[in-house]
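Engineer: I have a structure I would like to understand better, so I am pasting it below and will then ask my questions one at a time.
Where a number appears in this text, it was derived from the coordinates with a stated rule and is not lab data. As the structure is a computational prediction, the values presented were derived from the model and not from experiment. Methodologically, a virtual Cβ is constructed for each residue, glycine included, from the backbone with ideal geometry; neighbour enumeration extends over all protein chains shown.
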Amino acid sequence: MLRVTVCVSGGGTNLQAIIDRIADGTIRNTQIVQVISNNPGAYALTRAKEAGIPAVCVSPKDFPDRSAFNEALLAKINEAAPDLIVLAGFMVAVPHEICAAYRGRIINVHPALIPSFCGKGYYGLRVHEKALERGVKVTGATVHFVDEDLDTGPIILQKAVEIQESDTPEILQRRVMEQAEWIILPHAIDLIAAGKVTIEGRRTHIS
Ligand code: GAR
């Protein structure tokens, strides 16, 4: 059984997709053992509790400095001893000590086709605002392993989504979630649980 910690910050629709796909058997051999939010008001925490999953908030505001927060976050994750950490809309740059302790065992979902519209400043709705501003005709989502830099780790899955003339950032965000994120994130977890994903340098191989 793959033991998963899911880290969240907001609405938690990706968390919900994972919960639902475990429940209906699309994700096999996997258990969410813990949900962690950096934001006490995150609706994702309610979703976790409703699904009977232990959910906690570790907020930077409760610690004197960043390194104390980083330490507490790592300690909280270690309590659950997960095999995999899933960043599902987690708006915190993963501290280096967590990257080091869980190398090759942290994945993130990003709402664009990396390497487009990613890196510093590209998160949440902003990603879709930038895609519309630039006038791209196709966008999508990416699931990738997390390394020390932002959105640079080996890519596991990507899915393209077409942009329409009348799109607003909100409409596009919803379409990218429905047509891409909520599909490829559960799929990636299922592949990892089945031992089918290996990292080869900057790339992944799926068997
Ligand atoms: C999702 O679109 C996710 O891809 C994005 O935040 C949203 C969270 O929604 N993540 C990033 O931008 C990370 N760089 P959710 O809380 O409803 O899953």
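Engineer: Highest mean first, what order results for 3-13, 88-98, 19-29 on Cβ atoms within 10 Å? Could you put the intermediate results ahead of the total?
Structural biologist: Numbers: 3-13: 22.3, 88-98: 18.3, 19-29: 15.6.
With the highest mean Cβ count within 10 Å placed first, the list reads 3-13, 88-98, 19-29.
Engineer: Also, quick follow-up: Contact order normalised by length for the chain, with contacts defined as Cα pairs under 8 Å and 6 or more residues apart; what percent is it?
Structural biologist: Normalised by residue count, the contact order of the chain is 21 percent.
Engineer: Taking the highest mean first, how do the peptides 56-63, 38-45 order by number of other beta carbon atoms within 10 angstrom per residue? Walk me through the numbers before you get to the answer.
Structural biologist: Details: 56-63: 14.6, 38-45: 18.6.
Averaged packing, sorted descending, gives the order 38-45, 56-63.
Engineer: Another question, if that's okay. Can you check what the net charge comes to around Arg103, using other residues whose Cβ is under 12 Å from the Cβ of Arg103 (Lys, Arg +1; Asp, Glu -1)?
Structural biologist: Working: positive: Arg105; negative: Glu97, Asp147, Glu148.
Net local charge, Arg103 excluded: -2.
Engineer: Report the local net charge at Arg28: Lys and Arg +1, Asp and Glu -1, summed over other residues whose C-beta lies under 12 Å from its C-beta.
Structural biologist: Values: positive: Arg21, Lys196; negative: Asp24, Asp190.
Here the charged neighbours net out to 0.
Engineer: When Lys and Arg each count +1 and Asp and Glu each count -1, what net charge do the other residues less than 14 Å away from Leu73, Cβ to Cβ, add up to?
Structural biologist: Values: positive: Lys61, Arg66, Lys76; negative: Asp62, Asp65, Glu71, Glu79, Glu97.
Every neighbour counted, the sum reads -2.
Engineer: If the only charges are +1 at each Lys and Arg Cβ and -1 at each Asp and Glu Cβ, what is the size of the charge dipole of segment 132-171 around the Cα centre, to the nearest 20 debye? Each step should come with its number before you reach the end.
Structural biologist: Details: 3 positive and 9 negative charges, 45 e Å.
It works out to roughly 220 debye.
Engineer: Can you tell me the length gained on complete extension of the stretch Glu148 to Leu132, counting 0.36 nm per residue apart and subtracting the Cα distance?
Structural biologist: Numbers: separation 16, 0.36 × 16 = 5.76 nm, distance 2.85 nm.
Computed gain between Glu148 and Leu132 is 2.9 nm.
Engineer: How large is ³J(HN,Hα), in whole Hz, for each residue of segment 140-154 in order, when computed from phi with the Karplus curve 6.51 cos²θ - 1.76 cosθ + 1.60 and θ = phi - 60°, using x for Gly and Pro?
Structural biologist: Values, residue by residue: x, 9, 9, 10, 9, 6, 9, 10, 5, 9, 8, 6, 10, x, x Hz.
Engineer: Okay, moving on. Neighbouring Cβ atoms within 10 Å as the yardstick, rank Asp65, Asp151 fewest first.
Structural biologist: Details: Asp65 9, Asp151 20.
If I rank by nearby Cβ atoms, fewest first, I get Asp65, Asp151.
Engineer: Continuing with this model, one more query. Only Lys, Arg, Asp and Glu count, each charged at its Cβ (+1, +1, -1, -1), so figure out the dipole size of the chain about its Cα centre, rounded to 20 debye.
Structural biologist: 200
Engineer: Work out from phi, with θ = phi - 60° and the Karplus expression 6.51 cos²θ - 1.76 cosθ + 1.60, the ³J(HN,Hα) of each residue of segment 105-117, listed in order in whole Hz, and give x for Gly and Pro.
Structural biologist: The phi angles translate into 10, 10, 10, 9, 9, 10, x, 7, 8, 4, x, 7, 6 Hz.
Engineer: On to the next question. Dipole magnitude of segment 77-194 about its Cα centre, charges +1 at Lys/Arg Cβ and -1 at Asp/Glu Cβ only, in debye to the nearest 20? Walk me through the numbers before you get to the answer.
Structural biologist: Values: 10 positive and 16 negative charges, 39 e Å.
It comes to approximately 180 debye.
Engineer: For segment 33-77, what is the convex hull (Cα atoms) projected area averaged across all directions, in square nanometres? Numbers along the way, then the final one.
Structural biologist: Details: hull surface 11.8 nm².
That works out to 2.9 nm², a quarter of the Cα hull's surface.
Engineer: Quick one: 3J(HN,Hα) in Hz for segment 88-96, Karplus 6.51/-1.76/1.60 with θ = phi - 60°, rounded, Gly and Pro as x.
Structural biologist: Result, ordered by residue: 10, x, 8, 8, 10, 5, 5, x, 4 Hz.
Engineer: Does anything in segment 1-44 have its amide N under 20 Å from the 7 Å Cα→Cβ label point of Glu79, and if so which residues?
Structural biologist: 3-10, 31-44
Engineer: Give the percent of DSSP beta bridges with both residues in the chain that are antiparallel, rounded to the nearest 5. Can you show the working numbers first?
Structural biologist: Values: 15 of 32 bridges.
If we restrict to bridges inside the chain, about 45 percent are antiparallel.
Engineer: What are the equivalent ellipsoid semi-axes of the chain, built from the alpha-carbon gyration tensor (square roots of five times its eigenvalues), in whole angstrom, biggest first? Could the numbers behind the result be given before it?
Structural biologist: Details: eigenvalues 124, 77, 63 Å².
In descending order, the three semi-axes are 25, 20, 18 Å.
Engineer: If packing is taken as the average number of other Cβ atoms within 10 Å across a peptide's residues, how do 133-145, 106-118, 165-177 rank, most packed first?
Structural biologist: Highest-to-lowest ranking by the protection proxy: 106-118, 133-145, 165-177.
Engineer: Continuing with this model, one more query. Would you compute, from DSSP H runs of 4+ residues alone, the mean residue ellipticity of the chain at 222 nm, taking -39500 (n - 2.57) per run and dividing by the full residue count, rounded to the nearest 500? Intermediate results must be reported in sequence, preceding the final value.
Structural biologist: Numbers: 7 runs with 70 residues, N = 207.
-10000 deg cm²/dmol, from helical runs alone.
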